[in-house]
Structures are given as C-alpha cells and as structure tokens.
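In what follows, a structure is listed as structure tokens, so that the remarks can point back to it.
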C-alpha cells in the first residue's frame, strides 16, 4: 500500500516508577509494551516500548525508574503529546519532578495529566493530590494541560481519556518539518528473510523505498529495502511517522540507539558543539569543564561543558557554552538536549544546539564567537541564510546544505535564497551552488592586491597563471568558486585573461628597445629550431640572459600567437606547427592512420621527445584522433 498523507502523531508517557504508565497504555491500546522477559518477570519497565493507538498514532511507553532515565529521554525526545502519569496513592514523587523538568527542556508541545490508580484511594485524597500536581505544574509546559482521573485496572475514566486524546490530536498543529530526512534510531534488530531493521520516529523529511541513506555518526551509506508503518508495508514515510526501515548492506551490530539515519552527504558528525544552556534552579553550580551526560535525540554521550564567559554556570542561569564530547554525535542546529550530572545521575538542565561544526575556540576571538551564536539564535531566515554563506569555507553552498546547517524548512530556505539572489546579495555559481557577494568582493580585493604587487615586481610579465593565482588565495575556497570569481572579474573588466594568464585590466607591458629586439631574436631562434625547439634554459644560455627573462618574453610571444606553448613547457614557433599540420592532412589523404614513427618523418625526423607533445596538441584540436599509440584522421583533418 502507498504511504498515506494523513498526519501521524507520537504520544509518550512520563512519570515515576510504578505509577501505572504501562498498564495505562494497555488500557488504551490492548498492548503490553513490556516486551523484555525481565520486564514481564519483574513488572518493571526497563526500556521504551511501543503500541499503536488508532491508525495514525503511536504510543511510546517509557521507564520511570531513575536508573533508566536515559531510556526515558530517548522515548520522549520525539513525541507530540505526553501523557503525564501520577499515581493517586503516591502523588508527586522524585521522577515525577525530573520527568517534568525533562519535558520542559525538550519543549513538549502538548500534554494531558493523568491521575491514575484512583480506585485505590478516597476521592478527598485525590483532590489533595490534584492540588499538589497543579502547584507543581505552574510555569511549566503542562500548566494548562487537561487533568483527568482514571483507573487502568477498573477502566474508570479511560473512555474520557481516549476522547481527550483524540480531541487534542485533532487540534495539534503539524510538526515543524525541516524538509531534509532525519530519524534518530531507537532500535536495531535482524529479521529472518529481511536482514537489518531499524526503528525510530521521523523528525523531518520524507523517505522512500530505494532511497540512499546515511548512518551517522559512522558516515556509512546504505539503501532502503523496505519501510513499514503500523506493521504494514508502505512506499514512503514522512515527518511525524513511526517507521521500521529495512536497510541493505548494514548489520544490526553496526547500528545502535543514538545513531541517526539522515539524507546522505548533508550532515557531519562532530565531537564539539556550541549552543545555549540553562541550568535548573534546583541544580548545583557547574564548574567550567565539568563532565556531564548529554542526552540528544535517542543518544546519551559523555562530554565536558565550558561556559564561554566566566568560570562556572550558576543554578538557574543561561549562557552560551561549548561542549566537547567523548565521541562523535549526529546533531543539527536547533536540536534540544538534556544535561544530566555525571554522578550521581540527575537532570540539571538543558539547552539548544546552535553550531554543530564550531571552529577552534580562542579567547582573542571570543566576542566574535558570541556574536555568531547570537546570530544563530535568530529566526530571521534571510539573516541566518546569509550567515551560512559568509562562514562556509569553500565559498559555495547549495539549498540543502543551508537547510542542514540552519534547521530551517526547505521552502523557507528556498524563499530566502530566491530573495537574496534577486537582491544580488547571493550570486549563482552553478545550477545548485551559490556564493555571497561579500565573499566575491573579498576575493577581488585579494586578487587586486596580488596583481598590483606582481606587476610592480615583474613589469614585463603578463601576469599570474590561473593555477598560481588560485594557490595564493584561501586554500579552502572551492576551485569552482575561484573559477567563477575570475570569470566575473574578467566580465566586469577588472582583470584580463590572455593565454591562461591573469593581469589587471589597466596593466600594459612596456618593453625597452633592447627587450623588443631580444623577443624578436627568441622568435627567430625558435623558427630556426623548427621541430626541435630550444628549452628555456637553452635559450637563456644562448642569449646569455636569465631564464626568468626568457620565460617572460616567451609568454608574450604566446599571447601574440607567434609561439605555441605545449605540454612540459615546449615552445614551438607557430610556422613549423602549421607546416606539420599541413603535412598531416596531406598524409591522411592517402593513409587512414599514422604511428609516432611515421609522424617523425613528417617533421624532419625529430625525436619522440618533440613528436609526442605535437601529436597530443593535434589530438586536442581534433586534427588527429588517438587510439593507443596510433592516430586516425580527426574532424580537423578534413580541412
């Protein structure tokens, strides 16, 4: 069956251990989400479990025990609606508070507060528990959430809870879709006859059967063999769906919870991230470089957190930070994360990622780093998009690369880029690539300075070759950007290109009479040499001048088209080359092919050293067509 277009929702549970979350899910769906033998034997949820709720929703049941909070975070990090469960006989407990902190940090959109096990206590006690819960929820993401009384065992209140869930889901706005596929992995297993299968909640984009996919942080590529939603095969899965994906070429042991399946070639894993962190008011102060547990998506990873200002983060404070991780992690800008103390383990705060590929943190550039992070907080798409183009080392970015860096949706990025291009703030480099006009202006300033210095030191040389000029620019710049920049400078009459050399447009070579005479003498010598031309060093010895002066005059002769420069710096006078071409054309009128030995007889029995570059030149202008060591007539031989 084809993938449907109806929105899919993910519901999650939260709450203290033994408050009846798993029993509640069973009452709602008929499914016992405790799939592990140990869970069933102990009556204790250890890992996240899943159950279908209707046709377009999945419930993720999470453990409540403090030892398994990392599994709880993995479960709720992708949900749209939380069922916050408090047992009437226990009331608010430690993990009730910690789970609520985590829900706040992860900015869970909607919730329903469920007072469970109401059959075990008197109604006046329930009212006391409700008052306590309402006080707890003040100022949190669940402050305005509906509160219902239920009993998972007797079934009291379950119909009303189902109705409230359905009504809430109907009113829930669509999940923000960044447009590029991203799915944190929560399970990996092998199925006989299918191979490796991974499951997860798709946070953005669409995945089709047959698509190429990348596993992060490993950077391994795979292809999608099949997709299932709600235990049925589908052709695609989209943002908001729970999906099981059958992968080709990867074993289950190569994939673990915390990995991410993503659109290929757009994201890079990182061991350093920068962002903004807020500590809970109940948290202890955190010293710079403190070891912490970072929970991002379905991953838990150790790292050291460093405030960009000051030597510690105080309880309740918010600040920019850099986190150095103990192993690479897959992350995106605007992803939310939870911070837990290393030991003893409890939640101390959370934050938002702003830069997944920060540069080297240096004190002298700290103010620039702070300004950059402040700009990355902005939601103005045009400003944010420009920032990426100004920072990218290569000078060039595509729409999808901007999406992966900014976390903005594809359509928002496309609109911003179209506007910036219309305003000529962004320049079109290729079909997909663009560059910022400031990067072009910076390149022009650098090239202008380089050429001014070159012309001053070398008044009789044409200019830099393209290759030499490119080497003197920022080595991180893409060759495509450099080529574009030079072509644009030529079009704007800022520079001139002659015979592969670049010079300032206003620059003119002024030779002395002696240099003019020497140039003519070099041309005469090459004409006399015919098909065995003198090298630069031989010419320098012959005329008793420096090789650099000979090379400069030879380049002028090349520009004037008196001399032809071939591979390995052979300089042939144009007249012998024209004779060789004419001889070749006449030869092909009687013969259908020619070897190197036969060609040598056409050019005064010149050695292979000189014959081969000439033949290669004739290949390039299609007088000949090469097949191994034999040449056949080319299009140019029909003249």
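Based on alpha-carbon atoms only, what is the radius of gyration of the range 513-638 relative to the globular estimate 2.2 N^0.38 Å? Expressed relative to 2.2 N^0.38 Å, the Cα Rg reads 1.12.
With neighbours defined as other Cβ atoms within 10 Å of a residue's Cβ, the residues 629, 101, 89 order from fewest to most as 629, 89, 101.
For the pair the range 402-427 and the range 556-634, the centres of their Cα atoms are 51 angstrom apart.
Both radii were evaluated on the Cα set of the chain; the Rg over Rh quotient, with Rh as the Kirkwood radius, amounts to 1.17. With one equal scatterer per alpha carbon and no solvent term, the Debye-computed log10 I(q)/I(0) for the range 68-161 at 0.11, 0.13, 0.15 1/Å reads -0.30, -0.43, -0.57. Secondary-structure-derived ellipticity at 222 nm for the chain, considering helices only, amounts to -10500 deg cm²/dmol, per-run term -39500 (n - 2.57) for DSSP H runs with n ≥ 4. For the range 270-358, the equivalent ellipsoid built from the Cα gyration tensor has semi-axes of 18, 14, 12 Å, listed from largest to smallest.
Spatially, the range 192-218 and the range 458-525 are offset by 52 Å when compared through their Cα centroids. Ranked by how many other Cβ atoms sit within 10 Å of their own Cβ, fewest first, the residues 581, 117, 590 fall in the order 590, 581, 117. What is the log10 of I(q)/I(0) for the range 472-558, computed with the Debye formula using one identical point scatterer on each Cα and no solvent, at q = 0.15, 0.23 Å⁻¹? Listed by q, the Debye log ratios stand at -0.73, -1.06. Highest mean first, the peptides 11-24, 473-486 sorted by other C-beta atoms within 10 Å per residue fall in the order 11-24, 473-486. When each of 405, 109 is scored by the number of other beta-carbon atoms lying within 10 Å, the sequence from fewest to most is 109, 405.
Which shape class applies to the range 182-262: rounded if a/c is under 1.5, otherwise prolate when a/b exceeds b/c and oblate if not, where a ≥ b ≥ c are the square roots of the Cα gyration tensor eigenvalues? Since a/c stays below 1.5, the shape of the range 182-262 is classed as rounded. Annotation: peptides 200-209, 298-307, ranked by per-residue average of other Cβ atoms within 10 Å with the highest first, follow the order 200-209, 298-307.
Bear in mind these aren't lab numbers, they're just calculated from the coordinates by the rules spelled out. None of the values given here were measured: they were computed from a predicted structure. Methodologically, a virtual Cβ is constructed for each residue, glycine included, from the backbone with ideal geometry; neighbour enumeration extends over all protein chains shown.
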